[in-house]
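For reference, the structure is listed below as structure tokens.
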Amino acid sequence: MELFEFILLMLAAVSLSNLVNRFIPSVSVPIIQIVLGMLITWLPLHFELELNPELFLLLFIAPLLFNDGRHADKEALWKLKKPILLLALGLVFVTVAVVGYFLNWLLPVIPLAASFALAAALAPTDAVAVGALEQKVKIPHQTMQILEGESLINDASGLVSFQFAVAAMITGVFSFKTASISFISISLGGVVLGLLLTLVKYGVVKWLRRLGMENVTLHMLIEILTPFVIFMAAEELGVNGILAVVAAGIAHSFGYKKMNPEVAKLRVVSKSTWSVIVFVLNGLVFLLLGTQLPDIIQTIWNSAEIGNLKVIMYTLLLTAAVLGLRFIWAILMDMVEGTKPRDPWRLRVKKALILSLSGVRGTITLASTMSLPLFLSDGTAFPARDLIIFLAAGVILWTLLASNYLLPLLLGKETQTEQEEEEVQAKIEILRNVVNGLNELTTDQNRLAIAQIINTYTSRIKSLRKEEKNDKVQRALGLSVLKWERENTLHAVQKKEVNPVTAYRYLKRINQLLFMHTGDVRYKKELFPVKQWIKVFGMLHPARLSIRERRAELAKLRIQNTAYVIKELNALLAKGETDMESVNSLILQYERTLLLLTRNESDTYNREEFDIMMQELARVGIQLERDNIQTMFETGRISRQGMKEMKRDILFMEHDLREETG
């Protein structure tokens, strides 16, 4: 029971980390997750998590690398193969050698083989962590492609080097010649095994389809189990499981060639399922680091061998060594690639700095160090294991902070280039054209259904705009609507068009809302002036109305107020001085309310007919959107990639419509 509660708490913390990031966007999600993990250890729980290193590697590394392989941009990998391989292989092995010897010299308490293991764990970069930075800064597209390709390959090369270093530490035996031959053999063996098992998996899937078993849940379960089965098979056969799952992931990306309804549905489900799995696993890794850190920090803090300030200084020196070596390597790569002489040296340095600071350490580094065995082959404890994990955690934190606060200084805070901004405006124009097209089809019979369809398009427009002032506009419009209702109610009282008791109750609620949102004491004091009652009615007395009559009076007042608000909103829209989507959205809401209020009791309201009308109008909207997308693409307003993304969204909407109609 304690384990189940702990898992639920961890999953809740993963969700909470993204909520916290919404209010503190300057702090990256991994850092928030580490802090939350530390806070979890202070809760009065009766469960202590003991991590099994082998299970940790299988549970986190296998699915994450498999997913990276599935989403690898194969064209970019081939096009940028030279810089990617120089970083993913060359820099990894140089980092293992240079940082390994440097760490052993800096901290002799860590044996050389263990130093190499930590250096190998620090070699891989985490493109997922860098990708999160694009919300604040715009990393050049080619740099991101290099980082993603590097991350895919250097995860494998770094982890293979890590495993060799750990094996040497455990057994105490290491031969460069033997290690080199073994490295090549088990690496090739892992790749071959991953490809073979992927072919076997496709054979099984094809056989199941021949039997008529097109159950999406079954095929999705097979897909989820694939990386775990391949990794475990590779480890059993003595080849590299990391390269096996990477190869399987890349091979898996070639699987969606044959297009049919079943495969299309599986693709939609697969994308959603894997996004959740990767999101949870990445979050759990940093949360687990947070849960382990308090004990590790206490152990390091209580150690007499290293002072507290010294160990922090060592994490800074190690971070400087890793990033400095990456910077030098980036400069050398630029020189080898033959940059044109007219390019200023300043731009070369800036490019190298961007590539260096973008090399954030994250999930793979953490998972590697946490997978260190607890004991050596002779039964003794693994030397300085807590210190190694502490140093790795320190480097992860420093690189995250450096990328968060130094990259924006190099790249600026703009999140979009001019071309991307123009494309966003084109997409907004497409959706507005759909809204205008639907408005032209409005009749008295379909007004309510069209209002609901249009509301979905206005919501999409607002999400594309991402304006910070949008909330303020919404609040200002809401206050204006309340004031208009108050004004019209007072006018109705003056003209004796409404029952005074009904008006009083209605005004009291409006004034309370206005006072709550504005703090204006006028609304608190003047709920309904007594003098006005005497002037209008001559005396104060509650009108004796039945329940049905009171409802009719209230409905009449609401109809008058709603019509007045619609008139004022349309006048506001005609001036063009405020947010068009927000005003349109409010107009649609009030028109829908007015339609419901003015419907006669004798009118029949067939829900099934309404749903059919909604589906037909949704299809009309989708076709209008598709036509506008094609026009925008042909005129060069949106790119081919933008067209593909919007048409993909249309396919998802059409899929949902088919599901609703059965």
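The values are calculated or read from the model by the stated rules, or taken from the named source; none is laboratory data. Treat the numbers as computed from the prediction; the structure is a model and nothing was measured. Note that each Cβ is placed from the backbone with ideal geometry, even for glycine, and that neighbours are counted across all protein chains shown. For the accessible areas, the whole protein counts, side chains as well, though only heavy atoms, and no ligand, DNA or RNA atoms are used. Shrake-Rupley method; radii C 1.70, N 1.55, O 1.52, S 1.80 Å.
Observations
- Within the accessible area of the range 200-245 (1.4 Å probe), percent carbon and sulfur: 71 percent
- Highest average first, the peptides 611-618, 479-486 ordered by how many other beta carbon atoms sit within 10 Å of their residues are 479-486, 611-618.
- Burial ranking of peptide ranges 629-637, 238-246 (average Cβ count within 10 Å, highest at the top): 238-246, 629-637
- Nearest-0.05 FRET efficiency for E497 and L196, computed from C-beta distance (R0 51 Å): 0.05
- When the solvent-accessible area of the range 312-405 is split by element, carbon and sulfur atoms take up 71 percent of it, the probe being 1.4 Å.
- Residue-normalised accessible area of the range 354-400, given per residue in Å² at a 1.4 Å probe: 24 Å²
- Length added when fully stretched, E609-K644, from 0.36 nm per residue minus Cα-Cα: 9.2 nm
- Packing rank of 284-291, 430-437, where each peptide gets the mean count of other beta carbons within 10 Å, highest leading: 284-291, 430-437
- Whole-percent carbon and sulfur share, accessible surface of the range 1-123, 1.4 Å: 70 percent
- Out-of-range pairs (alpha-carbon distance over 32 Å; input K82/K427; K82/K271; K177/K271; K79/K271; K79/K350): K82/K427; K177/K271
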